[in-house]
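All remarks here apply to the structure that follows.
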Amino acid sequence: MRATTGTKLNQISLWVLSILRMAIGWHFLYEGIVKLVDPGWTSASYLVGSRWLFSGAFHWIATHSGILEVVDFLNVWGLILIGLGLMLGLLARYAAMAGIFLLTLYYVAGPPFISSTGAYLEGHYIWIDKNLIELIALVVLLVIPTSHFIGLDGLLKAIRLRARKPVPDDRPAPEAVRSSESDPGAVPGRRKALRQLVTLPVLGAFTYAAIRKNRWESYEEKFLTDNTDATSGATLMNFSFSSLKDLKGTVPRGKIGDLEISRLIAGGNLIGGWAHSRDLIYVSKLVKAYHHDQKVFETLKIAEACGVNALLTNPQLNRVINRYWRTQGGNIKFISDCGYQQDPYKGIELSIQGGAHACYVQGEISDRFVPAGRVDELGECVEIMRRHGIPGGIGAHKLETIQACVEAGIRPDFWVKTIHHVDYWSARPEEEMDNIWCRNPQETIAYMEKLEEPWIGFKILAAGAIHPEVGFPYAFKAGVDFICVGMYDFQVVEDANMTLAALQDPSLQMDRRRPWRA
């Protein structure tokens, strides 16, 4: 009686473990196919986000396109082959070992205690995450193999044994009888073969579900295409976005004092919800809704992968930046504009507390202080920044602000000044309208040429009115040492490539009159 109960229990255990194996195989296979059919997929953003063991090697892979392509290929087909092996029970032990190796790499590259966005994020539980749970499950399947009970491995073994030692009649050999008594999986003949082929319907179900999903998506795309006027204003707009695979190189760097920052600086207006959108009053709320914490983290990770190592923004984003450093292991430099309720002193205090690597007085503040006769206070602010051991700068929208500071003998560590041309349709000279930020670009270029401090140019695209292909070269030829640009995650690679193109353009050295100051 006890032997019978034990046999049933062992069979139940093997059934449960076989189902677990096929479920994990389904997951691996699905992940591999999804990546295979997505032409924009790359592991670069995952690799560049590594902040633990072997992070240097992972970052090196992410920045070398040829090596990255090989890694992506091995990743995709590794997932597919491991998934098929586990689901079908074909070479399942090798598939389990390969799966353990792959999941170990995933865990090391992005351990939950470093790379998760919070203790309550689904799938990340401080030290435990989905990768580790699945890894442990594969270790169990490696110790207790199931593919000879349910899987093609058992069928292939039976075929090999039959080929080596043919049985003269249908009577089971004594050894087979003893084996069937001790092995709960030893069911003779057709029943055993059918049981081992259970994996095929599972693969069929996966294939059916995948085809059905693909057919629906294809139908949806065809429906939208066939029912959309190709020439009218109602046309469905299609966009292609660059991925890290399209990156032409990393953005070069310059220095402000001892602080090394990229020539392209990520602007924080979009992240903070300060969208200069002219008369589109809903846009600020729209971009703020888009930039939840996780999206900000993704954007900054892509930026760092492109060599963009600085973010220029407001101290009100201290929480997000510090959370990015703490939970993502990010290294991006924080340049603060110290804008806080028109009180630069409080803004400096908050910025220092938030870990700012450099500070400057926000242009909106400087532009108000100068006509109010408070120029000396701008110099005081710069000295406060320097006393904290970081570079201190002055920002301005108006050229008169820069001129007043220079005349007062204030020489900050860097300037942050608007620069863009005014050859766009909404650049009408209405006073204080949200449509133009550098009203006298030629005078600005001529005056800034004489200043020896580094110049960060901002609003170089006139808040989206000028295409980067035009605005970037214009700013560098105007004499800026760094450009600050607000970027969505899908724009970062394109902006990095256009920065490289602008800096490598032979006409830059011919047209730029101001020496590089950083």
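The values are calculated or read from the model by the stated rules, or taken from the named source; none is laboratory data. If you're wondering where the values come from, they're calculated on a predicted model, not measured in any experiment. Because the Cβ atoms are built from the backbone with ideal geometry, glycine has one as well, and the counts that use them run over all protein chains shown.
Some notes on this structure:
- Here is the figure for the range 29-52: residues that are surrounded by 20 or more Cβ atoms within 10 Å (Cβ to Cβ) and touching a residue at least 60 places away in the same chain (Cβ under 8 Å) total 7.
- Complete set of residues in the range 124-164 that are outside any helix (DSSP H, G or I) and either of a type in the set (D, E, K, R) or surrounded by 13 or more Cβ atoms within 10 Å (Cβ to Cβ) (or both): H124, Y125, I128, D129, P145, T146, S147, H148, F149, I150, G151
- Test: residue in the range 500-509 that is touching a helix residue (DSSP H, G or I) at 6+ places or on another chain (Cβ under 9 Å), surrounded by 22 or more Cβ atoms within 10 Å (Cβ to Cβ) and touching a residue at least 24 places away in the same chain (Cβ under 8 Å): yes
- Residue list for the range 429-444, filter: surrounded by fewer than 21 Cβ atoms within 10 Å (Cβ to Cβ) and at pLDDT 95 or above: P441, Q442, E443
- Residue count for the range 142-159, restricted to those that are under 40 Å from the mean Cα position of the chain (by Cα) and more than 20 Å from P201 (Cα to Cα): 4
- Only listed residue being outside the structural domain of V492 (by TED's automatic domain parsing) and either over 22 Å from the mean Cα position of the chain (by Cα) or of a type in the set (D, E, K, R) (or both), chosen from L29, L47: L29
- Criterion: at pLDDT below 90, outside the structural domain of V308 (by TED's automatic domain parsing) and assigned to a helix (DSSP H, G or I) - qualifying residue of W52, W60: W60
- Residue check, K346 in the same structural domain as F458 (by TED's automatic domain parsing) and of a type in the set (K, R): yes
- Residue list for the range 485-494, restricted to those being surrounded by fewer than 24 Cβ atoms within 10 Å (Cβ to Cβ), of a type outside the set (S, T, N, Q) and not in a loop (DSSP other than H, G, I, E, B): D489, F490, V493, E494
- Search result, residues across the range 300-326 that are within 19 Å of I114 (Cα to Cα), crowded, with 20+ Cβ neighbours inside 10 Å and in contact with a Gly (Cβ under 8 Å, 6 or more places away or on another chain): L300, K301, E304, I321, Y324
- Note on the range 433-460: residues that are among the small types (G, A, S) and not in a strand (DSSP E or B) total 1.
For every residue, the table says whether it meets (1) at pLDDT 95 or above; (2) touching a strand residue (DSSP E or B) at 6+ places or on another chain (Cβ under 6 Å); (3) of a type outside the set (S, T, N, Q).
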{"residue": "H64", "(1), (2), (3)": "no, no, yes"}
{"residue": "I80", "(1), (2), (3)": "yes, no, yes"}
{"residue": "V108", "(1), (2), (3)": "no, no, yes"}
{"residue": "S115", "(1), (2), (3)": "no, no, no"}
{"residue": "P166", "(1), (2), (3)": "no, no, yes"}
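- Matching residues in the range 36-49 - criterion: being assigned to a loop (DSSP other than H, G, I, E, B) and of a type in the set (V, I, T): T42
- Only one of S243, S284, S262 that is modelled with pLDDT under 85 and not basic (K, R): S243
- Residue satisfying all of: in the range 2-49; modelled with pLDDT under 85 and among the charged types (D, E, K, R); nearest to E304 (Cα to Cα) among these: D38
- Positions within the range 351-377 being surrounded by fewer than 24 Cβ atoms within 10 Å (Cβ to Cβ) and part of a helix (DSSP H, G or I), in sequence order: I352, Q353, G363, E364, D367, R368, F369, V375, D376, E377
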